[in-house]
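Take a look at the structure set out below.
The values are calculated or read from the model by the stated rules, or taken from the named source; none is laboratory data. What you are looking at is a predicted structure, and each value in this text was computed from that prediction instead of being measured. Cβ atoms come from the backbone with ideal geometry, glycine included; neighbour counts cover every protein chain shown.
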Amino acid sequence: MSEKSVFQILSSINVEKDVKEKNGMRYLPWAAAIKYLLNYFPDANWEHREWDGIPYLKTGSGCFVEVSVIIGGITRKQLHPILDYRNQPIKEPNAFQVNTSIQRALAKAIALHGLGLYIFDGEDLPPNEKEAIELARVELADLLQEAGKFSPQAKQALLKMNYQDIQNKIAEYRNKGE
């Protein structure tokens, strides 16, 4: 299997139903990433690195873990800092903090193969679904225009709405018209 086909397959998957938010940052939980990965590539594998039998590297600026994900012979590695709940480096991590960082690195290493990579790019949808949301925005803008409710404020609000919110508003305006 070629690198391009793995990336094409995984980057086209919409993972929005499993995306979580914490401290204003969006992420795909590691368990969801594994679920998607193994549904599409059941032979995928992953491993974490050890330094002299220790599952993390300690440096002067903090500690790091490294996870590799292998799909069809293609390896992607993620070096990830061990962070606390505020995303600040931890200089003396405990076992739970090391494990949590390994799982975060695993989800990010899977993202390097394409799954949910758009989340780290600040996007709400994978690239092949961006066109769908733009068409929905145009449709809602037309409905707002017909209702006499299209203003600069409405336009700004529309640009911030996610796909599901736009669809809900479209349904709301259509139901009002009946």
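Among the residues of the range 17-53, the ones that are in contact with a Pro (Cβ under 9 Å, 6 or more places away or on another chain) and surrounded by fewer than 18 Cβ atoms within 10 Å (Cβ to Cβ) come to 4 in all. Quick check on my filter: what residues within the range 2-30 are of a type in the set (Gly, Ala, Ser) and touching an Asp or Glu at 6+ places or on another chain (Cβ under 9 Å)? Ser12, the sole residue that qualifies. Determine whether the range 105-114 contains at least one residue that is crowded, with 18+ Cβ neighbours inside 10 Å and over 17 Å from the mean Cα position of the chain (by Cα). Checking the range 105-114: not a single residue is crowded, with 18+ Cβ neighbours inside 10 Å and over 17 Å from the mean Cα position of the chain (by Cα). Hey, any hits in the range 96-111 for a residue that's farther than 22 Å from Ala32 by Cβ and not in a strand (DSSP E or B)? The answer is no, given that none of the residues of the range 96-111 is farther than 22 Å from Ala32 by Cβ and not in a strand (DSSP E or B). Across the range 33-55, the qualifying residues are those that are assigned to a helix (DSSP H, G or I) and of a type in the set (A, V, I, L, M, F, W, C), and the one among them that is nearest to the chain's Cα centre (by Cα) is Ala33.
Sub-7 Å Cβ pairs linking a first residue in the range 86-98 that is in contact (Cβ under 8 Å) with a residue 40 or more places away in the chain to a second residue that is among the hydrophobic types (A, V, I, L, M, F, W, C) and in a loop (DSSP other than H, G, I, E, B), at least 6 apart or interchain, are Val98/Ile82, ordered by first then second residue. Restricting attention to the range 139-167, the residues that are at pLDDT below 75 and exposed (fewer than 14 other Cβ atoms within 10 Å of the Cβ) total 2. Of the residues making up the range 12-32, just one is modelled with pLDDT under 90 and assigned to a helix (DSSP H, G or I), namely Glu16. Can you name every residue in the range 59-71 that is out of contact with any Phe, Trp or Tyr (no Cβ under 8 Å at 6 or more places or on another chain) and either outside any loop (DSSP other than H, G, I, E, B) or within 17 Å of Gln97 (Cα to Cα) (or both)? Thr59, Ser61, Gly62, Glu66 - these are the residues of the range 59-71 that are out of contact with any Phe, Trp or Tyr (no Cβ under 8 Å at 6 or more places or on another chain) and either outside any loop (DSSP other than H, G, I, E, B) or within 17 Å of Gln97 (Cα to Cα) (or both).
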